[in-house]
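Here's the structure we're looking at; comments come further down.
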Amino acid sequence: MTERLQKILAARGVASRRASEKLVEEGRVTVNGRVALLGDKADPDHDEICLDGKPLPPALSAHTYLLLYKPAGYITSVTDPRGRRTVLDLVRNRIPAGGRLYPVGRLDYATSGVLLLTDDGDLTNALLHPGREIDKTYESAVIGEVTAAKLKRLAGGVRLSDGLTAPAKVRQKRREAGKSTTRTVLELTIHEGRNRQVRRMLAAVGLDVIWLKRTSFAGLSLSGLKPGEYRELTGEELTRLLQYK
Ligand code: URA
């Protein structure tokens, strides 16, 4: 399959896509011995692509890594006995031939946001291992105003049915005044991964959730994606994540 050179370079972890464009513009990239021009495409499986006269490093991984902006109304599961839509329905045409893709962790049916999908079981296990303390950031709109005391409780740790939560980073992002009610948007960063943790933390301090969205997982953000869209990880993102393995 042919792809633009900057995409190939970035996927090999050579540089970001923008910086790879510059490498092409500077005439440092050749395809089958000919200096490439910006916009040129090549087939990494068949063409000899060189940077500064040296072949590109091998692909970072033979696995598939997708970053999905999960919309609310999908379950994070491979199948659903109740026939609800699953996150796999959104990436159907990217499931490797004869292979499978799995979500890394879960988001509730009603929660939207960053969800990584991969067939790399070692990375999945590493990212979900409690000892790794991978940061996950959520935004949540709650009904009404939020007192400083509640923010402090959330940040310090709240008692849930399965024990006290670890300290979290919590801040008020904005307050939105509606016609009859006020809502407050909070940002919370946690590193535990308990079931429905954020909803339970908010409920424990008496806050009613309007919506919940994960804005970041292990440093991966939603930028450039709309709900239901996905993209492959960039070479830089993948290089960083693979260090957790
Ligand atoms: N916490 C929740 O309550 N729900 C999610 O989907 C993720 C974290």
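The values are calculated or read from the model by the stated rules, or taken from the named source; none is laboratory data. Keep in mind the model is a prediction, meaning the values are calculated, not measured. Here the Cβ is made from the backbone with ideal geometry for all residues, glycine too, and neighbour counts use every protein chain on show. With ligands, DNA and RNA removed, areas are computed over all heavy atoms of the protein, side chains included. Shrake-Rupley method; radii C 1.70, N 1.55, O 1.52, S 1.80 Å.
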Check: In whole Hz, what ³J(HN,Hα) sequence does the range 27-42 give by Karplus (6.51, -1.76, 1.60; θ = phi - 60°), x for Gly and Pro?
Finding: x, 8, 10, 10, 10, 6, x, 9, 4, 7, 10, 4, x, 5, 10, 8
Item checked: Carbon + sulfur, % of accessible area of the chain - ligands and nucleic acids excluded, 1.4 Å -> 49 percent
Notebook entry, point to check: So which lysines can residue 54 reach, going by Cα to Cα under 24 Å and dropping same-chain residues fewer than 8 places off?
Noted result: 7, 22, 41
Margin query: Just to be sure I understand: with springs between alpha-carbon atoms less than 10 Å apart, which residue in 220, 164, 117 has the highest mean-square fluctuation in the Gaussian network model of the chain?
Written below: 164
Item checked: Vicinal HN-Hα couplings computed from phi for the range 170-178 (Karplus, 6.51 cos²θ - 1.76 cosθ + 1.60; Hz; Gly/Pro x) -> 9, 8, 8, 8, 6, 10, 10, 9, x
Next item on the list: Do me a favour and compute the ellipsoid semi-axes for the chain from its Cα gyration tensor, root of five times each eigenvalue, largest one first, whole Å.
Entry: 40, 19, 17
Next item on the list: Identify, among 146, 126, 164, the residue whose Cα sits farthest towards the positive end of the charge dipole of the range 106-241, taking +1 on the Cβ of Lys and Arg and -1 on the Cβ of Asp and Glu, with the dipole about the Cα centre.
Entry: 146
Check: Highest GNM mean-square fluctuation, the chain, Cα pairs closer than 10 Å: which of 70, 54, 173?
Finding: 54
Item checked: Spatially proximal lysines relative to residue 70 (Cα-Cα < 17 Å; intrachain offsets below 8 disregarded) -> 136, 213, 226
Note to self: Under a Cβ-only charge scheme (Lys and Arg +1, Asp and Glu -1), can you give me the dipole magnitude of the range 157-225 about the Cα centre, in debye to the nearest 20?
What the structure shows: 180 debye
Item checked: Protection-proxy order for peptides 175-185, 193-203, each taking the mean of Cβ atoms within 10 Å per residue, highest first -> 193-203, 175-185
Note to self: Just to confirm, what accessible area per residue do you get for the chain at 1.4 Å probe, in whole Å²?
What the structure shows: 54 Å²
Note to self: Apply the Karplus curve 6.51 cos²θ - 1.76 cosθ + 1.60, θ = phi - 60°, to the phi angles in the range 48-65 and return the couplings in whole Hz, x for Gly and Pro.
What the structure shows: 8, 9, 10, 10, 6, x, 10, x, 5, x, x, 3, 4, 7, 8, 7, 9, 9
Next item on the list: Just tell me which lysines come within less than 16 Å, Cα to Cα, of residue 150; anything on the same chain fewer than 8 places away is out.
Entry: 169, 173
Next item on the list: Compare the Cα positions of 78, 190, 65 along the charge dipole of the chain (+1 at Cβ of Lys, Arg; -1 at Cβ of Asp, Glu; about the Cα centre) and return the one farthest towards the positive end.
Entry: 190
